[in-house]
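Have a look at the structure below, then the notes.
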Amino acid sequence: MSIANQVKEALYSVIDPELGINIVDLGLIYDIEVNKTNDVFVTMTLTTPGCPLHDSIVGGVESAIYYINEVGKVDVQLVWQPAWTPEKMSDQAKAMLMG
């Protein structure tokens, strides 16, 4: 499995504490890039710019990625454009929130 795929799989373990759903299914991960030295660059957003759990979620992302043996450096960039909307969620996440 490629490092990028391993990273995506690892990010399923990072849960948004307010919603109780992983950040991949929430649609918060916009891009994962891995360079030749296995440095990982993640572009992501949060559900709201003023999210009080910003540090907790970003720290969870970094920890999950560093758990992969082959990874070099990890750089997580938070972006606010495009803005997150509920339409970015997977069908599974939507079903979980709708009950």
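The values are calculated or read from the model by the stated rules, or taken from the named source; none is laboratory data. All of these numbers come straight from a predicted model, not from anything done at the bench. Reconstructed Cβ throughout: ideal geometry from the backbone, glycine too, with neighbour counts over all protein chains shown.
Of the numbered conditions (1) in a loop (DSSP other than H, G, I, E, B); (2) at pLDDT below 95; (3) surrounded by 14 or more Cβ atoms within 10 Å (Cβ to Cβ); (4) not polar (S, T, N, Q), Met96 satisfies every one except a single condition; which is it?
Condition (1) is where Met96 drops out.
Based on this model, can you work out whether Ser63 counts as polar (S, T, N, Q) and either more than 16 Å from Leu19 (Cα to Cα) or assigned to a strand (DSSP E or B) (or both)?
yes
What pairs can you find where one residue is in segment 51-72 and free of Cβ contacts under 8 Å to residues at least 12 places away in the same chain, the other is assigned to a helix (DSSP H, G or I), and their Cβ atoms are less than 6 Å apart, with a gap of 6+ or different chains?
That search, which allows pairs on different chains as well, returns nothing.
Test of understanding: among Val71, Val42, which residue is of a type outside the set (Gly, Ala, Ser), surrounded by 14 or more Cβ atoms within 10 Å (Cβ to Cβ), part of a loop (DSSP other than H, G, I, E, B) and at pLDDT 95 or above?
Criteria check complete, one pass: Val71.
Among (1) over 27 Å from Ala95 (Cβ atoms); (2) in a loop (DSSP other than H, G, I, E, B), where does Leu26 come up short?
The single condition Leu26 does not satisfy is (1).
Right, Val61: surrounded by fewer than 15 Cβ atoms within 10 Å (Cβ to Cβ), among the β-branched types (Val, Ile, Thr), more than 13 Å from Ala4 (Cα to Cα) and at pLDDT 95 or above or not?
On the way: surrounded by fewer than 15 Cβ atoms within 10 Å (Cβ to Cβ): no; among the β-branched types (Val, Ile, Thr): yes; more than 13 Å from Ala4 (Cα to Cα): yes; at pLDDT 95 or above: yes.
No.
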